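These notes concern the structure reproduced below.
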Amino acid sequence: MELINKYIEENKDRFLDELFKLIRIPSVSAKEENKPDMLRATEYIKKSLLDAGADKAEVISTEGHPVVYAEKSIDSSLPTVLVYGHYDVQPAEPLELWASEPFEPEVRGGKIYGRGADDDKGQMFMQLKAFELMNNTGTLPCNVKFMIEGEEEIGSPSLKKFCIDNKEKLASDIILISDTTMISMAVPSITVGLRGLSYMEVELTGPNRDLHSGLYGGAVLNPINALTKMIASLTDENRHISIKGFYDDVIEVSDEERKEMAKAPFSLEDYKKAIDIDKEVGEAGYSTTERTGIRPSLDVNGIWGGYIEEGAKTVLPSKAYAKISMRLVPNQNSRKIDKLFQDHFRAIAPEGVKVKVRSLHGGEGYVSPLDTVAYQAASKACETSFGKKPVPVRSGGSIPIVSDFEEVLGVKSILLGFGLSSDAIHSPNENYPLFNFYKGIETIALFYNYYSELMKG
Ligand code: BES
Ligand code: MN
Ligand code: MN
């Protein structure tokens, strides 16, 4: 522990400099124009991994954005940790809401501001630096592999195939991921559940062109009016999702387990204050943390159509669109939900509009068991660095590839993330506290130690 903190203390400014260089590369996976930046990011990470002590590192192309792979083998009889992270980020828009440039990182009030500061450049970089630390202090206790992808924020469309094609190369005992949150730095927690996702886009067409809303209004079905009614009917007065069969595969969590989960500290007042709402709203019969942790949800992510520019234009639009995401819980199947949604949405469409429904992307949820060596090691690592035993928590977010890792590689993942809900990931002014960045490096190094120790049996 002394050794770890000494190394971090002596190198902390350089760590930050190096992270800033990565944040400056606008690796937005969703945008075609950033394709060259994706390549620059991979080259930068490859070099960082080699500098950190990897035996070899390579940029491997896929059908989509490339993957950076690296490894360091010290002894084939020792366990192997495979680190997963992502170098792609969400688009920075709306730009005018940022207090500083999204791709020009800066520290204000002890926090790093910039797109990717937390998700996932800041967190992934902690993994690289913990690896460097162990190499340079001669304390690396096991073999390590890295797989850093560039398509997480668009649903990892190429990574499953990459895993299938590279099964041998990716062979490992545990997958280590820093891409989740903790309750707070005072209340460390380990994420033991992720939700799945079914993400749809719908298109309604009414008349074959925009119409004068005076000449036609009242006589022709307006697709935006129709769409909003259809969307409103997707949940009932109890905020239950009304798609037939939607809950069929949801496993009800036992009262005992719910009681256990309710022990995790949570302040509803702070929660509401942080996002400036006066009332929390969700499915009847469940608490706020249960609504995101163990229950599925349905949200419109965007809705458009008609005239939305400056001033007025009296039209009855031809088209209406919406993007709708459903967060799923383990045992629900995203393909099955896609189909249920499609059938349901078509069935509820009124006469007078044509409906198109397509699936954008999806993935399955994940629950990680607590009775594993990896969980114990992560728990001990947090306990040592934070001075407090961490609480297991089911998160509402998704990292769809995690369930594929289990299916394709047959390896479980441990989610050792250090983000905070106040980090504003995917939002303007994304940030990551310096404290978390350095604490994360320390905790990761400790994880390796405990994990290797416990694996010896
Ligand atoms: N790192 C997040 C997911 C996350 C954040 C999980 C905090 C738990 C706590 C990840 O980058 C993400 O944003 N995932 C997407 C998945 C999607 C684009 C397929 C999500 O959850 O919306
Ligand atoms: Mn992420
Ligand atoms: Mn993300």
One finds the C-alpha centres of segment 219-266 and segment 301-321 to be spaced, in Å, by 27 Å
Cα extents of segment 248-347 per principal axis, largest first, Å, are 56, 37, 17
A convex hull over the alpha carbons of segment 300-397 yields, per residue, a volume in Å³ of 164 Å³
By the Cα gyration tensor axes a ≥ b ≥ c (a/c under 1.5 gives rounded; else a/b larger than b/c gives prolate, otherwise oblate), the shape of segment 98-191 is oblate
Applied in sequence order to segment 142-159, the curve 6.51 cos²θ - 1.76 cosθ + 1.60 (Karplus, θ = phi - 60°) yields integer Hz couplings, x standing for Gly and Pro, of 7, 7, 9, 10, 10, 9, 10, 9, x, 10, 4, 6, 10, x, 6, x, 9, 6
Rounded to the angstrom and largest first, Cα extents along the principal axes for the chain equal 79, 50, 45
Binned at 5 Å starting from 0, the alpha-carbon pair-distance distribution of segment 3-110 in whole percents comes out as 2, 10, 16, 19, 19, 15, 10, 6, 2, 1, 0
The answer for trypsin sites (Lys or Arg not before Pro) in segment 150-243 that fall in a DSSP coil and have at most 12 neighbouring Cβ atoms within 10 Å is 167, 209
Residues whose modelled amide H sits under 5 Å from the amide H of residue 361, counting only those 5 or more places away in sequence or on another chain, are 199
Expected vector for segment 77-91, Karplus 3J(HN,Hα) from phi with 6.51, -1.76, 1.60 and θ = phi - 60°, integer Hz, x for Gly and Pro, equals 7, 8, x, 10, 9, 9, 8, 10, x, 9, 9, 7, 10, 6, x
Expected sort for 171-177, 421-427 on mean C-beta neighbours within 10 Å, highest first, is 171-177, 421-427
So, with points 7 Å from each Cα along the Cβ direction, the residue 235-residue 256 label distance in nm works out to 3.2 nm
Sorted by chain and number, the residues with a modelled amide H under 5 Å from that of residue 111, at a separation of 5 or more or across chains, are 434
Two pseudo-spin positions, 7 Å from Cα along C-beta at residue 310 and at residue 411, lie apart in nanometres by 5.5 nm
Expressed in angstrom and rounded, the centroid-to-centroid distance over alpha carbons for segment 1-59 and segment 328-385 is 30 Å
By the Cα gyration tensor axes a ≥ b ≥ c (a/c under 1.5 gives rounded; else a/b larger than b/c gives prolate, otherwise oblate), the shape of segment 7-57 is oblate
Per DSSP, the loop-located GluC sites (Glu not before Pro) within segment 338-399 having at most 11 other beta carbons within 10 Å are 351
Protection proxy (average C-beta count within 10 Å per residue), highest first, orders 104-112, 72-80 as 104-112, 72-80
Between residue 270 and residue 47, the two model label points (7 Å from Cα along the beta-carbon direction) sit apart by a distance in nm of 4.1 nm
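For segment 167-206, what does the convex hull of the Cα positions come to per residue, in cubic angstrom?
Per-residue hull volume (Cα only) is 170 Å³.
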Of all GluC sites (Glu not before Pro) in segment 158-221, the ones in DSSP coil with at most 14 other Cβ atoms within 10 Å are 168
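Since every read-out is calculated from the coordinates, none of them should be taken as a lab result. Keep in mind that this is a model prediction, so the values were computed, not measured. All Cβ positions, even for glycine, are placed from backbone atoms using ideal geometry, and neighbour counts span all protein chains on display.
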